[in-house]
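The next block holds one structure in the form of structure tokens; read it before the comments.
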């Protein structure tokens, strides 16, 4: 499983690299807090509608212990997506690095 850290992800975003960020949490949790620009996809039909198999897709959830991003990673690979990466540290690592989040719980 390919992984990325918050610093690496932020650097790629800041340089304008084309990345699809996909939050694997339930919709209500996504609405509360997520990385700006993220999509909230986990159903097969939504994934296929919103993602291109060759593009760079980063999946995440809350932290290393959260397995939702692992399940989504494996699903995307099984569907034939070629460039899937797991941001294992998720929102907790992103926030701990001081990077911006958006949503209903964000000041």
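Rule-based calculations on the coordinates, nothing more; no lab input. Note that the structure is a prediction, hence the values are computed from the model and not measured. As a convention, Cβ positions derive from the backbone with ideal geometry for all residues, glycine included, and neighbour counts pool all protein chains shown.
How large are Rg and Dmax for the stretch 1-59 when calculated on the C-alpha trace, in angstrom?
In order Rg, Dmax, the Cα atoms of the stretch 1-59 give 11.9, 31 Å.
So for the chain: antiparallel DSSP bridges make up what percent, rounded to the nearest 5?
Numbers: 1 of 14 bridges.
Antiparallel bridges: around 5 percent, rounded to the nearest 5.
Could you tell me the ratio Rg/Rh of the chain? Both radii from Cα atoms, Rh via Kirkwood. Please report the intermediate quantities before stating the final value.
Values: Rg = 12.7 Å, Rh = 13.6 Å.
A ratio of 0.93.
Over the chain, what is the relative contact order in percent, taking alpha-carbon pairs closer than 8 angstrom and at least six residues apart? Before the final figure, lay out each step's value.
On the way: 171 pairs, mean separation 39.7, N = 107.
Relative contact order comes out at 37 percent.
As a footprinting exposure proxy, order 56, 94 by other Cβ within 10 Å, with the fewest listed first.
Details: 56 16, 94 24.
The order, fewest Cβ neighbours first, is 56, 94.
If you average the alpha carbon positions of the stretch 13-51 and of the stretch 61-97, how far apart do those two centres end up, in angstrom?
After rounding, the separation between the Cα centres reads 11 Å.
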